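Only the coordinates and a few stated rules stand behind these numbers; no lab work does. Note that this is a predicted model, so its numbers are computed, not measured. Note that we place each Cβ from the backbone using ideal geometry, even for glycine, and neighbour counts take in every protein chain shown.
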Amino acid sequence: MKILITGQHGQLSRELQQRLQGLGELIVLGRDKLDLANPAQIRQQVHAHRPDLIINAAAHTAVDQAESEPDLAFAINAIGPGVLAEEAKTLGIPLIHYSTDYVFDGSKPAPYTEADAPNPLGVYGQSKLAGEQAIAPWAAST
């Protein structure tokens, strides 16, 4: 089994790399080889490696910086995941994508669930919600 993991040096990716050792061939790509702001590069890498599973552990996670770089945040957190989902669907493989609690406004006194209405307060949360929305059509058609 070939598992493609994005975000080579990120905290989530590093944890996944440790936990998934021994489950198959890990193909771990950082921004230098798989830039989520570059759809053509995403497609090229997915086709070159032909994984059996894609795990998107990469994101533009600098919450404050996203406010001054909204185009970059949306490219990485929304457009990139949508391309990954499309490519996963084309290959007939699963995509695991991680979102954030920032898609909610934090006003609910109890834990949020997937059924709760999102209400992001900033660019970071808006871009992550847009990523969920970009993935949804590809997931719904499986």
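Could you list S107, S13, S127 so that the one with the fewest beta carbons within 10 Å of its beta carbon is first and the one with the most is last?
Arranged by neighbour count, lowest to highest, S107, S13, S127 become S107, S13, S127.
Its Cα gyration tensor gives the chain an equivalent ellipsoid; the semi-axes, largest first and in whole Å, are 25, 16, 15.
As a rough footprinting exposure proxy, the listed residues E15, E132, E114 were ranked by other beta carbons within 10 Å of their own, and the order from fewest upward is E114, E15, E132. Counting only lysines at least 8 places from K2 when in the same chain, those with an alpha carbon closer than 22 Å to its own are K33, K89. For segment 91-101, 3J(HN,Hα) computed residue by residue from phi via the Karplus equation (6.51, -1.76, 1.60; θ = phi - 60°) reads 7, x, 10, x, 10, 10, 10, 9, 10, 7, 6 Hz, glycine and proline entered as x.
By the beta-carbon count within 10 Å of each Cβ, the least crowded to most crowded order of I96, I27, fewest first, is I96, I27. For K108, the lysines whose Cα comes closer than 24 Å to its Cα, not counting residues fewer than 8 places off in the same chain, are K128.
Net charge of the neighbourhood of P137, taken over other residues with C-beta under 14 Å away and scored Lys/Arg +1, Asp/Glu -1, is -2. With 0.36 nm allotted per residue and the present C-alpha distance subtracted, the D32-T90 stretch has 18.5 nm of extension available.
Placing +1 on the Cβ of each Lys and Arg and -1 on the Cβ of each Asp and Glu in the chain, which of A88, P51, T100 has its Cα farthest towards the positive end of the resulting dipole? In the chain, that residue is P51. Between amide H atoms placed 1.01 Å from N, distances below 5 Å from I96 occur with I54, I55, N56, all of them 5 or more places distant or on a separate chain.
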